[in-house]
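These notes concern the structure reproduced below.
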Amino acid sequence: MASSVEVFDARSLAHLASHSLGPTDGSLVWFDRFDRTGLEGQWIAGFAHYDGRGGVAGRDRRDTRIEVLDASFRRLAGWLLPDSVLERLAPHSASGGAMGPDGMLYLLGHEREELYVLAFPAQGPKLERLATVALGLPGQALVWDRTSAERIVWGISRPDREVRAFRIPTIRLD
């Protein structure tokens, strides 16, 4: 697998830049800014693997990785998805991901109309599932609306060929 990050002007859709990641361990399916203590100004990215058709021999959704990259797109840190999320994604992987304003990672799968809220572990290689939010969107892409004071995400309904907005509840940590 090989991936690249393509940059477009949001208004004109003119192509501005291409950043090749070369061969990657998984297919780059989402990419976002990552600002967390010790890793400010970096990027976070999802590299997916799939079960069976469309996948790589010897790999499946359990090999999906979440990685932090620096400004030169070098790997700084990485995590695996928790088993409870992998079970619900089967046989695919997360198709959309974005950092929330609360510092949590929000992931969207392909078929189930739900959003997974994940926290970064204090130690260990697996993210922690905090909540699942029902969402009327069978996944494809996800972005937080940073222009709104409300907790709004935008996603693409591939089957309906629509872009939709959703209000996301505040996730309470106990």
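Which of the residues spanning segment 109-129 are open to solvent by less than 70 Å² (accessible area, probe 1.4 Å) and at pLDDT 90 or above? First the steps, then the outcome.
Residues of segment 109-129 that are open to solvent by less than 70 Å² (accessible area, probe 1.4 Å), as a first pass: 109-110, 114-121, 124, 127.
Residues satisfying the conditions are GLU114, LEU115, TYR116, VAL117, LEU118, ALA119, PHE120, PRO121, GLY124, LEU127.
So which residues in segment 143-174 are among the polar types (S, T, N, Q), assigned to a loop (DSSP other than H, G, I, E, B) and open to solvent by less than 50 Å² (accessible area, probe 1.4 Å), if there are any at all? Working first, answer last.
Let us first name the residues in segment 143-174 that are among the polar types (S, T, N, Q), namely 147-148, 157, 170.
Adding the requirement that they be assigned to a loop (DSSP other than H, G, I, E, B) leaves 147-148, 170.
Scanning segment 143-174 gives a single hit, SER148.
Filter segment 130-142 down to the residues that are part of a strand (DSSP E or B), open to solvent by 40 Å² or more (accessible area, probe 1.4 Å) and not hydroxyl-bearing (Ser, Thr, Tyr), then identify the one that is farthest from PHE166 (Cα to Cα). Let's see the steps before the verdict.
Looking only at segment 130-142, we keep the residues that are part of a strand (DSSP E or B), and these are 130-134, 142.
Narrowing further to those that are open to solvent by 40 Å² or more (accessible area, probe 1.4 Å): 130, 132, 134.
Filter once more, so that each one left must be not hydroxyl-bearing (Ser, Thr, Tyr): 130, 134.
On the way: LEU130: 19, ALA134: 10 Å.
Among them, the one singled out is LEU130.
Listed here are the residues, each with its yes/no results for (1) within 16 Å of SER3 (Cα to Cα); (2) hydroxyl-bearing (Ser, Thr, Tyr); (3) open to solvent by 20 Å² or more (accessible area, probe 1.4 Å); (4) under 16 Å from the mean Cα position of the chain (by Cα).
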site: ARG59; (1), (2), (3), (4): no, no, yes, no
site: ARG62; (1), (2), (3), (4): no, no, yes, yes
site: ARG65; (1), (2), (3), (4): yes, no, yes, yes
site: LEU76; (1), (2), (3), (4): no, no, yes, no
site: ARG88; (1), (2), (3), (4): no, no, yes, yes
site: HIS92; (1), (2), (3), (4): no, no, yes, yes
site: GLY97; (1), (2), (3), (4): no, no, no, yes
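Screening TRP154 on (1) within 19 Å of PHE34 (Cα to Cα); (2) in contact with a Ser or Thr (Cβ under 9 Å, 6 or more places away or on another chain); (3) free of Cβ contacts under 8 Å to residues at least 40 places away in the same chain shows it passes everything except condition (2). Scanning segment 77-125 for residues that are aliphatic (A, V, I, L, M) and in contact with a His (Cβ under 9 Å, 6 or more places away or on another chain) returns LEU89, ALA94.
In segment 1-103, which strands (runs of 3 or more DSSP E) lie fully inside it and hold 1 or more residues that are in contact with a Pro (Cβ under 9 Å, 6 or more places away or on another chain)?
Numbers: elements: 2-8, 15-23, 27-34, 42-48, 65-69, 75-80, 96-99.
Correct list: 2-8, 75-80.
For segment 8-38, a residue qualifies if it is surrounded by 10 or more Cβ atoms within 10 Å (Cβ to Cβ) and within 19 Å of ARG146 (Cβ to Cβ), and the qualifying residues are PHE8, TRP30, PHE31, ASP32, ARG33, PHE34, ASP35, ARG36. Among the residues of segment 83-122, those identified as under 14 Å from GLY46 (Cβ atoms) and not hydrophobic (A, V, I, L, M, F, W, C) are HIS92, SER93, SER95, GLY96, GLY97, TYR106, GLY109, HIS110, TYR116. Cβ-Cβ contacts under 9 Å between residues 6 or more apart (or on different chains), taken from a first residue in segment 57-82 that is closer than 22 Å to SER20 by Cα to a second residue that is of a type in the set (Asp, Glu) and part of a loop (DSSP other than H, G, I, E, B), are listed as ASP63/ASP25; ARG65/ASP25; GLU67/ASP25; LEU76/ASP70.
The values are calculated or read from the model by the stated rules, or taken from the named source; none is laboratory data. What you see is a predicted model; the values in this text were computed from it and never measured. Glycine gets a Cβ as well: all are built from the backbone with ideal geometry, and neighbour counts include every protein chain shown. Accessible surface is based on the protein model in full, side chains and every heavy atom, while ligands, DNA and RNA are left aside. Shrake-Rupley method; radii C 1.70, N 1.55, O 1.52, S 1.80 Å.
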